[in-house]
Each structure stands twice: as C-alpha cells, then as structure tokens.
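A.B. asks: Next up is a structure, given as structure tokens.
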C-alpha cells in the first residue's frame, strides 16, 4: 500500500538533503566520510569531531515510543593504539539539541560533560599504562575495576527552553562511568559484560551510555573522494546486488575494523516532543572560548563556543565549500540561509555527469524552475519542515508518526526500498546514506541504474537494543576486515 504523500515527502526530503550534502562547487574542497574529518579545524581535534549523528524511534521491542540519540566521536580509532587508547575530552561539552516547534532553534538540549581520574593499581604502582590486568578489568567500579587506571565519569543535564521565560535545567546525574576502550582478552576478558554495566537507567524511561563501540558507518571512502573513482564504471548495481547486501560487493570499506566513541541517550518521545509529531535534531561539540595551558594541565574560561555541529550526514563534507567549513561548524543550524547558495548549486550532480557521462535530473519536490543550478528541491528536502516554510534550518528531521522497523527487516536503502522509518526520516545505524544520496542527487537515471559505492553492509553486525552499535574490535586481535592488506593475526599456539 502506498504511504501518504506527506510522509513520503518528509522522508524523501531527508534523502534529498543528504544528496545535496554530497555536493559543492568551485574552489578547493576537503574530503571525508559521513563527518569523518570533514573540515580543516575539526580534523585537528578528533575528540570533538562528530563522525556520525543518529536519531530514530527505538526499534528495540517494548521501547518503540522512545527516541534514541547517538553521537559518535573520534573517527578512525585504530583498536591497538595504546598505551593511552582513546577517551572523551573533559574540556569538550557534547550536546544533543531538539527543535519541537519547527522554528529551527533548540527547545530541549542534553549536555554531557566528562572528567578523568587516575586510580587503582595504575595510580598505586605508578604504572605507565592506562589499563592493566592486575586483576583483569571485569567491573567499572568496585572489586574487579582495580586495573581501570584511567577512568572517566560523566554528567548529563537536560535543559528546556520555556518560551520567552527562563531556561529550566535538570541534572540527570553526574557519576555515570564511561566504558573504556577494548584493550584485549587479557585486560578486558569479557568486554560485552563490561559494556552492559555502562548502560544506565535514570528513571522516567531515560537510558544513557558512553563508551567505545565499533564504527557503524560503511563507505568506499578512498574511491569516493578520489574524485568519484569508484571501483565500477559507471557505479551501477544489478537488481540482485541491490536486493542482497552480500552479492558481489565491489567497494572497499575503509572503516572496517575501526572503532569510535559513542554517547547514546534514549528518551520517551513525549518527554521531548511537547506534543509535536515531527522533531528536528542535531549534535554539537563545544569548547571553552579561552583555554590556558601549563604544567600538564589546561583550564578554560569565558564561556563555551561551538566547534562542530552535525545533523544530516555528508553536509559539511560535500555541500559546504572549504572556505566556509569551519565557519559553518560554528553557527546555529537556524542560520542555514547564510549557506543557501551551496544547496541551490550542488556539485555532486555535476561531478556525476562529468565522471560517468550519465545525465542527472531534478526530483519532483522542487518548483518548475528547478534545474541543476537551482536545486530548490534539495532546499525543500534538507532545510525545511514543509515546502511552504520560509525559515531554513539544517536539521535531521524525525516523523514520530512513522512506526519503527525491526532491525531484521530494515532496508539499507530506506525509503527507496519502501522502508520509511530510515533516513531521511531520522537516521539509523543501518541506513546506507551514501547510496541513497548518490541516487537522489543524481536523479532518475541514477535511481533506475541502482548507483552505489559497492559497500552495502557494515563489517560488524549491529544489535537490536540499546546502545545499538556493535562491540568494538579489541586491540590484541585487531584485523581490519577490509579487502586491503589487513593486520596479520598469528595463529593461536
């Protein structure tokens, strides 16, 4: 049965937005995966670099009325990178912002702040390692946690804007423990159990998690950013390859085997929606405006300044021009009209035509004036709640009226495959945003030709419950899993 046009429009709009994000025009440009090192300044600041932002109705049985917010940071974590491994930065504030009245500005915000302590055997013995198996780390606190020498705790604060009145802040707690990096079987022998201890139920239907997970994003990164030098020309899939993710993959998943640090919040939709049926959301990272360093320490003052934001995937990477990437990261999504020309004149479509010789075209969501140099269809999809809106804001939009699809039934091509619970209706870890974007930006010829990068599934199986991402690869037995030369794992003696 056909879905209502309004729902389809909202969903396709997200896809189109993604498509627009894949493009941008004359002048030098930087290249990255879905927000992996997508702008010059943030590429130098991995702890504040948001690799992906997900927002979706939970598909965990019994939690379908909850919204899940996930922010992944520190892209490209090589699992064996000791002795310090990877940690959240106590000088960064990690935030989720929700717009529930369609004005483009946040109405509910969750702020997450970390602090670090040196403790246990590492502190007592003056050891040079952050994590040691004396004894093996089996607990986040108490007996069994002595080897967790560098431990991070965090606080979560929910703030509501009360119209023109004062903001109301509620602290959800300040002693939650982040799950450490997966060092290896001697140091962290049962990592799955350790990670489960890092899931906190704080009441009111709200759950929290912070810690290392496997990077869920999959893309032929090298081929994509070598000027669309994908490994099949043109990059078309057969019907069978579209239907079956495992048939004849021709791309190389550059992110296979690598990890990220995840912050996840699950909250009842009624807690944040204020009666609205559609939410807009984005993730951001913030640092102190002034930082003073000395004697092995740093202090911040003069308030916080935003250093990155992320809503729809691929926007800063391929839509925003290099000269504006750092500035774009610093401003509020409600000011997206400043960057309107980048959306009206996307260059992904032009690049596709130049590289593959296959004409591109507009989607049905623009006006009669829509053309390759006036993509008002992408503006309608990416920057508006409704086509008639005059306010523009770059947000990931989630229609709460669309029921979640169970993990086993999810389609990687989302609305293009009849699964309306995926991007651009929010975004789930399963969604293949790269292929959806290429097809929507390319138009009818690329849709009918099943264009894609040839990487159709992640290297690690996702889970069907909170915090949804897979167990991270451990440092001792790391193997990239890609078709490129992997790290060699010697046989067990």
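A.B. asks: Below 8 Å, C-alpha to C-alpha, sequence gap of six or more: please give me the relative contact order for the stretch 186-243 in percent.
C.D. replies: With pairs under 8 Å counted, the relative contact order is 15 percent.
A.B. asks: At 0.36 nm per residue, minus the direct Cα-Cα distance, what do residue 91 and residue 103 gain on full extension? Give it in nm, one decimal, please.
C.D. replies: Answer, rounded to one decimal: 1.3 nm.
A.B. asks: Hey, another quick one. Any idea what the relative contact order of the stretch 5-448 is, in percent, if you count C-alpha pairs under 8 Å spaced at least 6 apart?
C.D. replies: Reported as a whole number, the value is 26 percent.
A.B. asks: Order these by the 10 Å Cβ neighbour count, fewest first: 179, 278.
C.D. replies: Placing the least packed residue first, the sequence is 278, 179.
A.B. asks: May I pose another question? So, in nm, how far is label residue 293 from label residue 248 when the simple model puts each one 7 Å beyond its Cα toward the Cβ?
C.D. replies: 5.2 nm
A.B. asks: While we're looking at this one, here's another question. Provide the FRET efficiency to the nearest 0.05 for the residue 41-residue 338 pair, computing r from the beta carbons and using R0 = 22 Å.
C.D. replies: My answer for the efficiency is 0.75.
A.B. asks: Related question: Tell me the volume per residue, in Å³, of the convex hull enclosing the alpha carbons of the stretch 241-391.
C.D. replies: Per residue, the Cα convex hull of the stretch 241-391 comes to 246 Å³.
A.B. asks: For the stretch 89-193, build the convex hull from the C-alpha positions and give me its volume per residue in Å³.
C.D. replies: Output value, Cα hull per residue: 128 Å³.
A.B. asks: Kirkwood-based Rg over Rh for the chain (C-alpha set), two decimals?
C.D. replies: 0.96
A.B. asks: When all alpha-carbon pairs of the stretch 58-137 are counted, what percent fall beyond 16 Å?
C.D. replies: Value for the stretch 58-137: 72 percent of Cα pairs lie more than 16 Å apart.
A.B. asks: Specify the inter-centroid distance of the stretch 195-230 and the stretch 321-355, based on alpha-carbon positions, in whole Å.
C.D. replies: 25 Å
A.B. asks: Based on the Cα coordinates of the stretch 385-440, what is the per residue volume of their convex hull in Å³?
C.D. replies: 99 Å³
A.B. asks: State, to one decimal in nm, how far the label point of residue 327 lies from the label point of residue 229, with both points 7 Å from Cα in the Cβ direction.
C.D. replies: Inter-label distance under the simple model: 3.2 nm.
A.B. asks: Continuing with this model, one more query. Determine the distance separating the Cα centre of the stretch 125-166 from the Cα centre of the stretch 234-271; give it in Å without decimals.
C.D. replies: The distance from the Cα centre of the stretch 125-166 to that of the stretch 234-271 comes to 30 Å.
A.B. asks: Where does the chain land at 222 nm, in deg cm²/dmol rounded to the nearest 500, when only DSSP H runs of n ≥ 4 count, each adding -39500 (n - 2.57), divided by all residues?
C.D. replies: Estimated from H runs of four or more residues: -5000 deg cm²/dmol.
A.B. asks: What order do you get for 402, 92, 355 when you list them from fewest to most C-beta neighbours inside 10 Å?
C.D. replies: Exposure proxy ranking, most exposed first: 355, 402, 92.
A.B. asks: Something else about it: Based on other C-beta atoms within 10 Å, arrange 167, 254, 71 from fewest to most.
C.D. replies: The order, fewest Cβ neighbours first, is 167, 254, 71.
A.B. asks: Can you give the relative contact order of the stretch 64-173 as a percent, counting alpha carbon pairs under 8 Å and 6+ residues apart?
C.D. replies: 21 percent
A.B. asks: Considering the alpha-carbon set of the stretch 213-322 alone, what are its Rg and its Dmax in angstrom?
C.D. replies: 20.5, 61
Rule-based calculations on the coordinates, nothing more; no lab input. Being a predicted model, the structure only gives us computed values, none of them experimental. Backbone-built Cβ (ideal geometry, glycine too); neighbour counts: all protein chains shown.
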